[in-house]
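All remarks here apply to the structure that follows.
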Amino acid sequence: MAKAEKANEKQRYKLKKFLKELEGRRGRGTELVSVYIPEGYDLNKITTHVAEEQGTATNIKSKQTRDNVIGALEKIIQHLKLYPKTPPNGLAVFAGNVSENDGKTDFQVWSIEPPLPLNQRLYRCDKEFVLEPLQDMLQDKEFFGLVAMDRREATIALLKGKSIIPLSSTESMVPGKFRAGGQSAARFARNRELAAKEFYNKIAGMMKDQFFEMEGLQGILVGGPGPTKYEFVDGNFLTQSLKDKIITIQDLSYTDEFGLQELLEKSENVLSDEAVVGEKRLITKFFNLLSKTPGMASYGKDDCMRLIKMGAVDTMIISETIDEETIEEFIKQSDLMGTNVEIVSKETREGTQIRDMGGFVAILRYDVGENN
């Protein structure tokens, strides 16, 4: 199954910030201009088209709207001259009069080279900018089903991006291993097996309800203590289409939310391309260095910035809970020094650890000593 391209966290952060700047902009009429140029498209054709639209705009009845559209298009034409050719992933350009005072003009132009290839050409004048194609790049479109189970209980969840989203859970009516008096061992065993099969059918029904028609489901991970998970998967409980989606079966110690975390950790080999696993590995590497080679790791806002300016930081890890202005400051300085920046979520266990350490940790390029 082909993997869809994904933006890295630094690209996602920059795109989120760009969109936030434009989302609140409103025109007095249909005067805000959005232009999308797909990857590989001839930039000269776009410039010619925008110039033609400038001529057409002279027919707009409202003088204010007419002047604002023509002014916005002129801004775009001048801006496009900065590019010798269309950037590799295409280009999105936005312009308009953003003055809050009637009778005054403040024409602004914004552009972004998107983190993923643009596959559509678009020109539109509207009361707001057309942002959906860029917003779509931030959506997690791939999911994995998670099932942690034994004969006592089962928990079903979804892995979306970096988030484990619990969907449903159930407990069984399977009797314990020790029978009560007055019942033969054979009958007790039969009843126990019947109850187990009933429970397996219930789990299969829950999985069908949650996963059967889910668009973007890439696979299902199943785990649990003992042989129960194999009895369930190998038995005739699941529809074949769901059984075919199972990509790994793991031995676990738990069947609750701790079990789901354990299932993720033990499935890293099959989830190696997923953001949650990459984040986990990166943060695990930091903590290993901090404990074994302290001079190769650092944390704290001031120390990390000092080490970036020294050129000593290979990868800067920042919690998404940090304010935008500070993140931007770190990104700007890191770009100057060739330092990688990873912005980690607060939704994973590892991301929570980084947040609780102040939100700034760094993996260094060389050993700067324990008391750096």
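What follows draws every value from the coordinates through simple rules; no lab data is involved. Keep in mind the model is a prediction, meaning the values are calculated, not measured. Cβ: placed from backbone, ideal geometry, glycine included. Neighbour counts: every protein chain shown.
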Worksheet item: Taking the radius of gyration and the Kirkwood hydrodynamic radius from Cα positions alone, what is the Rg/Rh ratio for segment 320-372, to two decimal places?
Response: 0.99
Worksheet item: How high is the FRET efficiency between Asp251 and Leu138 when r is their beta carbon distance and R₀ equals 51 Å, given to the nearest 0.05?
Response: 0.90
Worksheet, complete the sentence: Of all DSSP beta bridges with both partners in segment 143-273, the antiparallel percent, nearest 5, is 60 percent
Fill in: Degrees, to the nearest 10: 301-310 long Cα axis against longest axis of the chain
60 degrees
Item to complete: Compute the signed sum of charges (Lys and Arg +1, Asp and Glu -1) over the other residues within less than 12 Å, Cβ to Cβ, of Ile156.
Response: -2
Worksheet item: Can you work out the FRET efficiency for the pair Thr47 and Asn340, with r the C-beta to C-beta distance and R0 = 35 Å, to the nearest 0.05?
Response: 0.50
Worksheet item: How much length is gained if the chain between Lys285 and Glu265 is pulled fully straight, taking 0.36 nm per residue apart and subtracting their Cα-Cα distance, in nm to one decimal?
Response: 5.8 nm
Worksheet item: Relative to the longest principal Cα axis of the chain, at what angle does helix 9-23 sit, 0 to 90 degrees, rounded to 10?
Response: 50 degrees
Response to the item:
Over the chain, the sum of -39500 (n - 2.57) across DSSP H runs of at least four, divided by residue number and rounded to 500 deg cm²/dmol, gives at 222 nm -13000 deg cm²/dmol
Item to complete: Please compute the net charge surrounding Asn97, taking Lys and Arg as +1 and Asp and Glu as -1 over other residues with Cβ under 9 Å from its Cβ.
Response: -1
Response to the item:
Counting only DSSP beta bridges fully inside the chain, the antiparallel percentage to nearest 5 is 70 percent
Worksheet item: Between Gly359 and residues 5 or more places away or on another chain, which pairs have amide H atoms under 5 Å apart, with H built 1.01 Å from N, and which residues are they?
Response: none
Discussion item. For a quick size check, give me the Cα extents of segment 95-173 along its three principal axes, largest first, whole Å.
Written reply: 74, 30, 17
Worksheet item: For the residue pair Tyr366 and Asp302, what label-to-label distance in nm results when each label sits 7 Å from Cα along the Cα-to-beta-carbon direction?
Response: 2.6 nm
Worksheet item: With all pairs of different alpha carbon atoms counted, what Kirkwood hydrodynamic radius in Å does segment 276-364 show?
Response: 12.7 Å
Worksheet entry | Arg124-Lys332 pseudo-label distance in nm [points 7 Å out on the Cα-to-Cβ vector] | 3.3 nm
Worksheet item: How high is the relative contact order of the chain, in percent, counting Cα pairs under 8 Å that sit 6 or more residues apart?
Response: 14 percent
Worksheet item: If only Cα atoms are counted, what is the Rg of segment 24-136, and what is its Dmax, in Å?
Response: 13.6, 40
Fill in: Residue order, fewest to most surrounding Cβ atoms within 10 angstrom, among Ser291, Ser298, Ser345
Ser291, Ser345, Ser298
Response to the item:
So for R0 = 41 Å, FRET eff. of Glu100-Ser168 from the Cβ-Cβ r, to 0.05, ends up at 0.25
Item to complete: Note the per residue figure in Å³ for the convex hull of the C-alpha positions in the chain.
Response: 193 Å³
Worksheet item: Taking the Cα atoms only, what angle lies between the long axis of helix 324-337 and the longest principal axis of the chain, rounded to 10 degrees?
Response: 80 degrees
Worksheet item: Fewest to most neighbouring Cβ within 10 Å: what's the order for His79, His49?
Response: His49, His79
Worksheet item: Rounded to a whole number of µm²/s, how large is the Stokes-Einstein D of segment 1-88 at 37 °C and 0.692 mPa s, given Rh as the Kirkwood radius over C-alpha pairs?
Response: 213 µm²/s
Worksheet, complete the sentence: Taking Cys304, Cys125 and counting other beta carbon atoms within 10 angstrom, the fewest-first order is Cys125, Cys304
